[in-house]
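Here's the structure, in structure tokens; my notes come after.
The values are calculated or read from the model by the stated rules, or taken from the named source; none is laboratory data. This one's a predicted model, so the numbers in the text were calculated from it and none came from an experiment. In this analysis, Cβ positions are derived from the backbone assuming ideal geometry, glycine residues included, and neighbour counts consider all displayed protein chains. Side chains are part of the model used for accessible areas, which takes the heavy atoms of the whole protein and leaves out ligands, DNA and RNA. Shrake-Rupley method; radii C 1.70, N 1.55, O 1.52, S 1.80 Å.
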Amino acid sequence: MPFCTSCGTAVSERAVFCQNCGRPQPVAGVPPATGDPLSGMSAESVSTLCYLPWVGWILSLVVLATNRFRNDGLVRFHAFQGMYLAVVWLVVDIALDPALRLSGIRRPLIPLLQLGLLGVWIFMLIRTHARQLVRLPVLGELAERSVNEQGGGGPI
């Protein structure tokens with residue numbers, strides 16, 4: 001009969017959780033979860049994926065929440081900059097679009113801004129994949145300040 005890996009209470013062979021402490025139990029033939037969703041990815045790949053249009057902000061949040069890149073200032077810089085780029089898209093799409101729609105200027109301006117932001121995303125994907133550091137004018141300064149405020153590792 002197996003025992004709980006946490007508290008030592010006897011558990012059944014098919015138990016998924018300990019009935020005493022509630023901790024998950026290892027299942028035979030299934031490797032334990034590592035807890036790090038980015039464990040198989042290199043720092044360069046993670047930095048590049050932070051600039052995926054419309055979804056890169058999700059990976060940026062994951063990067064900033066995991067311990068793996070806690071001391072890697074460059075990866076954290078790209079995560080912050082990619083997230084701030086997504087915020088700019090949201091400001092244009094959610095705040096600026098309705099405001100300009102009321103004034104009648106919406107037709108030519110919003111699609112041009114969105115196309116420009118998409119171009120910046122693609123540019124950042126290419127440059128980051130080529131391992132070139134690009135600091136966007138305002139967003140780069142914000143990202144660098146965010147990394148420094150969190151004590152995010154070495155120089156960028």
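Criterion applied to Ala143, Ala86, Ala95 was being of a type in the set (Gly, Ala, Ser) and surrounded by fewer than 11 Cβ atoms within 10 Å (Cβ to Cβ), and the one residue passing it is Ala95. Taken over region 12-22, the criterion of being surrounded by 12 or more Cβ atoms within 10 Å (Cβ to Cβ), modelled with pLDDT under 85 and not aliphatic (A, V, I, L, M) is satisfied by Phe17 alone.
Taken residue by residue, region 119-138 has at least one member that is within 23 Å of Ser39 (Cα to Cα), open to solvent by 70 Å² or more (accessible area, probe 1.4 Å) and in contact with a Ser or Thr (Cβ under 7 Å, 6 or more places away or on another chain).
Of all residues in region 127-141, those that are β-branched (Val, Ile, Thr) and either touching a His at 6+ places or on another chain (Cβ under 8 Å) or closer than 13 Å to His78 by Cα (or both) total 2.
Within region 32-63, the only residue that satisfies the criterion of being within 16 Å of Gly140 (Cα to Cα) and either touching a strand residue (DSSP E or B) at 6+ places or on another chain (Cβ under 6 Å) or open to solvent by 20 Å² or more (accessible area, probe 1.4 Å) (or both) is Trp57.
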